[in-house]
Amino acid sequence: MTVTPTPTPIAAGTVLALRGVSKRFGAVQALKNIELDVRPGEVLALVGDNGAGKSTLVKTIAGVYTADDGQMVFDGQEVRVGSPAEAQQLGIATVFQDLALCDNLDVVANLYLGSELRKGNLLDEVEMERSSWELLRQLSAKIPSVRIPVASLSGGQRQTVAIARSLLGQPKVVMLDEPTAALGVAQTAEVLNLVERLRERGLAVILISHNMADVMAVADRVAVLRLGRNNGIFTVSETKTQDIIAAITGATDNAVSERAARRTREEGAAS
Amino acid sequence: MTTPVDGSKTPVQDTVPEAQDPAVLPADLQDERLIASRGVSGAIAAFTSRLRSGDLGSVPVVLGLIIIWAVFQIANSNFLSSRNLVNLTLQTTSVGVIALGIVLVLLLGEIDLSIGSVSGLAAAILGVTFVNEGWPLALSVVAGIVTGAVIGLFYGLLYTRFGVPSFVITLAGLLGFLGLQLLVLGKEGSLNLPFDSPIVKFATQSFLSPVVSYIFIAVTVALYALSRLRGRGQRLAAGLSAAPTSIIGVKAGALAVTLLISVIVLNGDRGMPSMFLLLLVLVVLTDIAVRRTRWGRSVMAVGGNVEAARRAGINVRMIYLTVFAACSTFAAVGGLLAAARLVAVNQSSGGGDTNLNAIAAAVIGGTSLFGGRGSAYSALLGALVIVSISNGLSLLSLDSNVRYIVTAGVLLVAVTIDSLSRRSRQAHGRA
């Protein structure tokens, strides 16, 4: 007999809370008893090794998968999310890694795809362009022109467009799946600035990342997943990278921390 | 929003501002990386840089048309005569209407190979119900058009429900509806439409009188200029940059001159055919539907990236259904017009090269085979090219063997240009 842990009570002001969420694919237990609290105006990083269940968890919250077990509380109400569209209506926006942009359309068309503004039966291009600029300026996004096809934008700019698009539905929670993967140094910084801008707007941001430097730079708290289970929640300001890595890999004497310790020793010996 | 509303009151957009103060620049020109290009010279510079990067639009087809016309005019001085050009517009209409439908399916990155058979079937239904059964003309016409729409919906259902490639579905349709056409026509296999019926009169004897044609030009140019000026006003009011009035004036003037020359030449003979006017109206309406409506935007999105369109909440199935239906409907209308112009329906209606002519017209006109890129005007321009070739070669008394070979060559050139410009666009980040 396994003893089910009593779920932690949900604190007031939590916009999204998961309790005991489980998901299995055939014989594989992808998620087991996951607990997660997301607060407005906070960046929560979700980290873990490959196969730890990050993507499954994100897809479960986004409504791509339905959880087998457990509850999801959004804005104090228990909810069931059956499809990505339902999640979006609730106010959970997700920017997946592939961004889902139409390369042949310009920035304005991509931002408003599926929810175009109209004047009568015709598209209101002027108003869409004006509010596109307004939104992009609020995010301090550096897009040279909104009338060029997104194919001609850089990786960071495309990421910016995808994130800006997710904001049009007035979400409360934004999930970013590896937004800085495959980005250059300057572009990564641009996207991290954008994440901070989202936090300033009072949004709850869930940031999935493999890059510990990015996580430490922008996140307020870090939730670690390991083998489909919670493996600790850390407050960034009070934690060292090593502790988080230890939680990710599940051991203090792992390759990463050994390497780091060796470097520190060598540097100490050199000086 | 830092953009000043008062920026709209001073005409800063017409002149290059001395100081690059972001407070007076329109909202969309504030990025320092943007290459400033304003005024008429700026517009020309932007146009040439677009061409260089492979965003060719309708430039190749216009150039091709000029070359083809010049060659035929040198070979036979009757080619550009008023009489022949009126014939040319009459011949262009049905190809152009069918090609409009092909443009729509190509925008989705799909294809319809059965348009010839569908146009023949619609013509057969018109002939049999109107001539043999004595139905009222309007009812027969509607029956033909509705048949086209139903066939398109059927294709759309097969495509969206079972995921059968459109190439295969419509290949089956090509054969199946040809069979149905022969079945509908019955044993005689050939029907003559009465000369005095309105549809035949419309297709063969209805021309705009000179006065009406000049009024038509004035109204068209005025509508164009007004809509552009209104758009400019709205953009300025929203704090965005807008094309200066000088450019709008130049464009409206070019439009007026083009239309005026065409109409003066056509008026040298019978005048502008009503049927050709119908094609022009259909092209403009389709263009508006594609560029300015939510439906058209969804079509472009599905053609560019289906998955992105689906995730954006677009009803992708509905888009496929409506586009296939529109394509077959245009094919049916084209078939009816062809039958009316030839005053007959027979077993070869919609047969022969109808199919490939329409597809070739859309591609030659500049609509990409790869989806998500093209315009309604490519149907008109491409149809003009295709019909000019066959018209010119028959003026030179050359047989259809030469015509097929020349048309094939032009089609190959057009597809090669499409593929090359696609590669160039990718290299220049304009894919």
Please go through (1) in contact with an Asp or Glu (Cβ under 7 Å, 6 or more places away or on another chain); (2) surrounded by 15 or more Cβ atoms within 10 Å (Cβ to Cβ); (3) more than 30 Å from B:Arg425 (Cβ to Cβ) for A:Lys54 and return the number of the only condition it doesn't satisfy. (1)
Single unsatisfied condition, B:Gly239 versus (1) free of Cβ contacts under 8 Å to residues at least 12 places away in the same chain; (2) within 14 Å of another protein chain (Cβ to nearest Cβ); (3) not acidic (Asp, Glu): (1)
Identify the single condition in (1) part of a helix (DSSP H, G or I); (2) out of contact with any Asp or Glu (no Cβ under 7 Å at 6 or more places or on another chain); (3) surrounded by 15 or more Cβ atoms within 10 Å (Cβ to Cβ) that A:Leu192 does not satisfy, given that it satisfies every other one. (2)
Please pick out the residue among A:Thr14, A:Thr8 that is more than 27 Å from A:Gly250 (Cα to Cα), in a loop (DSSP other than H, G, I, E, B) and of a type in the set (S, T, N, Q). A:Thr14
Expected single match for surrounded by fewer than 17 Cβ atoms within 10 Å (Cβ to Cβ) and among the hydrophobic types (A, V, I, L, M, F, W, C) among B:Leu137, B:Leu158, B:Leu185, B:Leu180 is B:Leu137
Tell me, please, whether a residue that is over 25 Å from the mean Cα position of the chain (by Cα), under 27 Å from B:Val316 (Cα atoms), outside any helix (DSSP H, G or I) and not basic (Lys, Arg) can be found in segment B:165-174. no
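Hey, among B:Ser388, B:Ser421, which residue is more than 14 Å from chain A (Cβ to nearest Cβ) and of a type outside the set (A, V, I, L, M)?
Checking each option against the conditions leaves just B:Ser388.
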If we keep only residues of segment B:292-317 that are among the charged types (D, E, K, R) and facing another protein chain (nearest Cβ under 7 Å), then the residue surrounded by the most Cβ atoms within 10 Å (Cβ to Cβ) is B:Arg297
In segment B:261-275, which residue that is in a helix (DSSP H, G or I) and out of contact with any Gly (no Cβ under 9 Å at 6 or more places or on another chain) is farthest from B:Val211 (Cα to Cα)? B:Met275
In segment A:117-135, how many residues are under 29 Å from A:Leu16 (Cβ atoms) and either facing chain B (nearest Cβ under 7 Å) or surrounded by 21 or more Cβ atoms within 10 Å (Cβ to Cβ) (or both)? 2
Would you confirm whether any residue within segment B:268-287 is within 30 Å of B:Gly371 (Cβ to Cβ), crowded, with 18+ Cβ neighbours inside 10 Å and among the charged types (D, E, K, R)? yes
For the subset of segment A:86-121 comprising residues that are in contact with a helix residue (DSSP H, G or I) (Cβ under 9 Å, 6 or more places away or on another chain) and free of Cβ contacts under 8 Å to residues at least 24 places away in the same chain, which member is farthest from A:Pro9 (Cα to Cα)? A:Asn121
Looking at (1) surrounded by fewer than 22 Cβ atoms within 10 Å (Cβ to Cβ); (2) in a helix (DSSP H, G or I), which is the only condition A:Asp214 fails? (1)
B:Glu110 fails exactly one of (1) in contact with a helix residue (DSSP H, G or I) (Cβ under 6 Å, 6 or more places away or on another chain); (2) charged (D, E, K, R); (3) surrounded by fewer than 16 Cβ atoms within 10 Å (Cβ to Cβ), namely (3)
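Condition test on B:Pro273, is it in contact (Cβ under 8 Å) with a residue 40 or more places away in the chain, away from chain A (no Cβ under 14 Å) and under 26 Å from B:Gln205 (Cα atoms)? Even if it seems obvious, please write down each step before you answer.
Details: in contact (Cβ under 8 Å) with a residue 40 or more places away in the chain: yes; away from chain A (no Cβ under 14 Å): yes; under 26 Å from B:Gln205 (Cα atoms): yes.
Spelling it out, B:Pro273 is indeed in contact (Cβ under 8 Å) with a residue 40 or more places away in the chain, away from chain A (no Cβ under 14 Å) and under 26 Å from B:Gln205 (Cα atoms).
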Specify the residue that is surrounded by the fewest Cβ atoms within 10 Å (Cβ to Cβ); the eligible residues are those in segment B:392-415 that are under 20 Å from the mean Cα position of the chain (by Cα) and not small (Gly, Ala, Ser). B:Leu412
Is one or more of the residues making up segment B:367-374 among the aromatic types (Phe, Trp, Tyr), within 14 Å of chain A (Cβ to nearest Cβ) and surrounded by fewer than 24 Cβ atoms within 10 Å (Cβ to Cβ)? yes
Whichever residue in segment A:141-165 is part of a helix (DSSP H, G or I) and among the basic types (Lys, Arg) and, among such residues, is nearest to the chain's Cα centre (by Cα): A:Arg165
What single numbered condition from (1) more than 9 Å from chain B (Cβ to nearest Cβ); (2) at positive phi fails to hold for A:Gly114? (1)
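Considering only residues that are within 11 Å of chain B (Cβ to nearest Cβ) and in a strand (DSSP E or B), which ones fall in segment A:54-102?
A:Thr94, A:Val95
Of the residues B:Ala256, B:Ala243, which single one is under 22 Å from A:Glu125 (Cβ atoms), of a type outside the set (Asp, Glu) and surrounded by 17 or more Cβ atoms within 10 Å (Cβ to Cβ)?
The unique qualifying residue is B:Ala243.
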Within the group B:Gly134, B:Gly96, B:Gly148, B:Gly152, which residue is among the small types (Gly, Ala, Ser) and either modelled with pLDDT under 95 or over 21 Å from the mean Cα position of the chain (by Cα) (or both)? B:Gly134
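Of all residues in segment B:388-410, how many are within 23 Å of B:Leu90 (Cβ to Cβ) and assigned to a helix (DSSP H, G or I)?
So the answer is 15.
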What number of residues in segment B:188-207 are surrounded by fewer than 16 Cβ atoms within 10 Å (Cβ to Cβ) and outside any loop (DSSP other than H, G, I, E, B)? 4
From the list B:Thr329, B:Thr258, exactly one residue is more than 14 Å from chain A (Cβ to nearest Cβ) and in contact (Cβ under 8 Å) with a residue 40 or more places away in the chain. Which is it? B:Thr329
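The values are calculated or read from the model by the stated rules, or taken from the named source; none is laboratory data. Please read these numbers as outputs of a predicted model, since none were measured by experiment. As a convention, Cβ positions derive from the backbone with ideal geometry for all residues, glycine included, and neighbour counts pool all protein chains shown.
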